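The values are calculated or read from the model by the stated rules, or taken from the named source; none is laboratory data. Keep in mind the model is a prediction, meaning the values are calculated, not measured. Backbone-built Cβ (ideal geometry, glycine too); neighbour counts: all protein chains shown.
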Amino acid sequence: MTTGSAGNHLRGGETPLDKGAVVGPVEIVVVLVVVLVVLALLVGAIVFGLRKSRSSRLRERFGPEYERTVASTGDRRAAESELTQRQRRHDELDIRPLDPQQRDRYRSAWRDAQSRFVDEPGPAVHEAHVLIAEVMRDRGYPVDDFETRSTELSVDHPDVVQDYRAGHEVSQANDRGDASTEDLRQAMRHFRALFERLVDTDSATTDRQGH
């Protein structure tokens, strides 16, 4: 009788749950845990995907400056946060091209600095350094200090901002009397790479659109 009764209750592949059996607290906890684990995995996958996407965008935007910032901070997440903040600050600036008269004036001043290098390499490098700051000011970049200038330049010109830093280091060494003529020649080359990018309107526009 007992066997037959049990068979009747479970016929057709039914389970005790199908017959309205009461689910105990243990079963409820197990189900909740499983649901929470699945949700945690989904959230983790979404966060990982977003971080990876942000990393790719920043790496593409900043190029070598991305790896330099990672190395400088010692932490990829901190570096990406810093680069993101740079981009946000930069987006609030009114960066504009030089007008034709300004371009001609600066190009003439640069030729004078290069000519001066033959007889006075130190003052010529200093003059080139000042010229770049003046071009940046007229383009709408903040020029309060070197660090501000270089970080803002890294958003538009990440491929040449390191030239600016290298030239700046030599210029400082020259102020201390520690730069050789070859050092100064290299500094002029570094400064020229950025100067041409800043003055050449088409190149500057292309560089921003490319990122």
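Quick check on this structure: which one of Arg86, Arg68, Arg111, Arg116 is of a type outside the set (A, V, I, L, M), at pLDDT 90 or above, assigned by TED's automatic domain parsing to the domain that holds Asp178 and surrounded by 15 or more Cβ atoms within 10 Å (Cβ to Cβ)? Let's see the steps before the verdict.
Working: Arg86 fails: assigned by TED's automatic domain parsing to the domain that holds Asp178; Arg68 fails: assigned by TED's automatic domain parsing to the domain that holds Asp178; Arg111 fails: surrounded by 15 or more Cβ atoms within 10 Å (Cβ to Cβ).
After applying the criteria, what remains is Arg116.
Restricting to the stretch 63-106, name every residue that is β-branched (Val, Ile, Thr) and more than 11 Å from the chain's Cα centre (by Cα).
Correct list: Thr73, Ile95.
Among the residues of the stretch 78-118, how many are free of Cβ contacts under 8 Å to residues at least 24 places away in the same chain and out of contact with any helix residue (DSSP H, G or I) (no Cβ under 7 Å at 6 or more places or on another chain)?
Residues meeting the conditions: 16.
Among the listed residues Arg96, Arg149, identify the single one that is surrounded by 17 or more Cβ atoms within 10 Å (Cβ to Cβ), charged (D, E, K, R) and under 29 Å from Arg57 (Cβ atoms).
On the way: Arg96 fails: surrounded by 17 or more Cβ atoms within 10 Å (Cβ to Cβ).
Arg149 is the lone residue from the list that is surrounded by 17 or more Cβ atoms within 10 Å (Cβ to Cβ), charged (D, E, K, R) and under 29 Å from Arg57 (Cβ atoms).
Checking Val143 against (1) within 30 Å of Arg59 (Cβ to Cβ); (2) modelled with pLDDT of 95 or more, which test does it fail?
The one condition Val143 does not meet is (2).
Touching a residue at least 24 places away in the same chain (Cβ under 8 Å) and either surrounded by fewer than 17 Cβ atoms within 10 Å (Cβ to Cβ) or closer than 27 Å to Thr69 by Cα (or both): is that true of Val160 in this structure? Give the steps one after another, and end with the answer.
On the way: touching a residue at least 24 places away in the same chain (Cβ under 8 Å): yes; either surrounded by fewer than 17 Cβ atoms within 10 Å (Cβ to Cβ) or closer than 27 Å to Thr69 by Cα (or both): yes.
It is true that Val160 is touching a residue at least 24 places away in the same chain (Cβ under 8 Å) and either surrounded by fewer than 17 Cβ atoms within 10 Å (Cβ to Cβ) or closer than 27 Å to Thr69 by Cα (or both).
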